[in-house]
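Each value in this text was obtained by applying a stated rule to the coordinates, not by laboratory testing. These figures come from a predicted structure and were not determined experimentally. Heads up, the Cβs are rebuilt from the backbone with ideal geometry, glycines too, and the neighbour counts pull from every protein chain shown.
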Amino acid sequence: MPLEKVTWSLVTAVNSDEVLRGNLLRSDETNRANEVIIEWNAPTASSAYNSGMDRTTGDLIVFAHQDVFLPLGWASSLSTCVNQLEEIDKDWGVAGVYGVTNSGKGVGYVYSAGLRRFVGESFTDPTQVSTIDEMIIILRRSAGLRFDEQLPGFHLYGTDICLEAEAQGMKNYVLPCFAFHNSIGVKYLHSSFWQAYLYLRNKWKKRLPIKTPCTTITYGCLPIVDHLARTCWSSIQGKQKPGSRVDDPDKFYSDYIRHTSK
């Protein structure tokens, strides 16, 4: 039986036209979306994504960072993976392209310019996880999930909505839809990240500890202390050399990523 073609909407929160046009809109795959919704200069990621969701018309919604590049064939992979996921779990909650299990094991396969490396390992089937990375978030409108607009800033909203899905009895998954995150590397996590961390620590205190793709949310907040200590030590040692965004993600993908991916 042939797979059903999936219709999807694309939503992105944007604060730079240059970054948007140089990455997400540079990909021909974005033209395969039924609609592209751009939310400009929103105060938080959650408010931007809820507003974008309300402007879409279909059931399947892909939320992507403005600096994500979708390589050739991504839309086809999405259709295949969503069909597979529907067969496994028709009431799934949240999907993404990279995430972690409750034990903290990373699942997914992407390339990060900020980290200057591949993250994860190649896989073939939708895989259940606890939380996902925010670079790409996939939702069904029919699931009834909403982003928490009380969550400050632009961090950990992927973790939060996964926990919302879990609280409503839904499972979360990572799909084998390889993507290129053309991000800028960071030397340390800014205070805005830890504000979101503390908000989720309080909101989900009965669920702690919570594994996320970049940290663990705990009652004692030891990851904050550990991060600050490691950041200070790395700075003293001069070892912090974060990656930078590439100028032409299409060419970089064609010349390097496609030929070196597993």
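Within 15 Å, Cβ to Cβ, of Pro43, how many net charges do the neighbouring residues add up to if Lys/Arg are +1 and Asp/Glu are -1?
Values: positive: none; negative: Glu39, Asp148, Glu149.
Once positives and negatives cancel, what remains is -3.
Could you identify which residue out of Lys105, Lys171, Lys206 has the top mean-square fluctuation in a GNM of the chain using Cα springs shorter than 10 Å?
Lys206
Which of Lys5/Lys211; Lys90/Lys206; Lys5/Lys203; Lys90/Lys211 have a Cα-Cα distance over 32 Å? Please list the in-between numbers first.
Details: Lys5/Lys211 34 Å; Lys90/Lys206 28 Å; Lys5/Lys203 38 Å; Lys90/Lys211 25 Å.
The answer is Lys5/Lys211; Lys5/Lys203.
Put a dot 7 Å past each Cα toward the Cβ at Glu86 and His259; how far apart are the dots in nm?
The answer from the label model is 3.9 nm.
Between Gly144, Gly93, Gly106, find the one with the highest GNM mean-square fluctuation for the chain; connect C-alpha pairs within less than 10 Å.
Among Gly144, Gly93, Gly106, the largest GNM mean-square fluctuation belongs to Gly144.
For a quick check: with amide H placed at 1.01 Å from N, whose amide H comes under 5 Å from Trp8's, ignoring anything fewer than 5 positions away on the same chain?
Hits under the 5 Å cutoff: Asn34.
Binning at 5 Å from 0, report for segment 1-69 what percent of all alpha-carbon pair distances ends up in each bin.
3, 18, 27, 23, 17, 6, 3, 2, 1, 0
Would you tally the net charge around Ser16, using a Cβ to Cβ cut-off of less than 12 Å, leaving Ser16 out, and scoring K and R as +1, D and E as -1? Can you show the working numbers first?
Details: positive: Arg21, Arg245; negative: Asp17, Glu18, Asp67.
Computed value for this residue: -1.
What's the exposure ranking of His65, His259, going from fewest to most Cβ atoms within 10 Å? Walk me through the numbers before you get to the answer.
Working: His65 24, His259 8.
With the fewest neighbours first, His65, His259 line up as His259, His65.
When all C-alpha to C-alpha distances in segment 36-85 are sorted into bins of 5 Å, what percent of pairs does each bin hold, rounded to whole numbers?
The percentages, shortest bin first, are 4, 16, 24, 21, 20, 11, 3, 0.
For segment 10-18, take each phi angle, set θ = phi - 60°, evaluate the Karplus expression 6.51 cos²θ - 1.76 cosθ + 1.60, and give the result in whole Hz per residue in order, putting x for glycine and proline.
My calculation for segment 10-18 gives 10, 10, 9, 9, 10, 10, 8, 5, 5 Hz in order.
Taking the radius of gyration and the Kirkwood hydrodynamic radius from Cα positions alone, what is the Rg/Rh ratio for the chain, to two decimal places? Kindly include the intermediate steps, with their values, before the conclusion.
Working: Rg = 17.7 Å, Rh = 18.8 Å.
Answer for the chain: 0.94.
How do Leu156, Leu78, Leu189 line up, fewest other C-beta atoms within 10 Å first?
Working: Leu156 27, Leu78 24, Leu189 18.
Arranged by neighbour count, lowest to highest, Leu156, Leu78, Leu189 become Leu189, Leu78, Leu156.
Once every DSSP H run of n ≥ 4 in the chain is given -39500 (n - 2.57) and the sum is divided by its residues, what mean residue ellipticity at 222 nm do you get, rounded to the nearest 500 deg cm²/dmol? Mind showing how you got there, number by number?
Numbers: 7 runs with 76 residues, N = 262.
After summing the helix terms and dividing by residue count, I get -8500 deg cm²/dmol.
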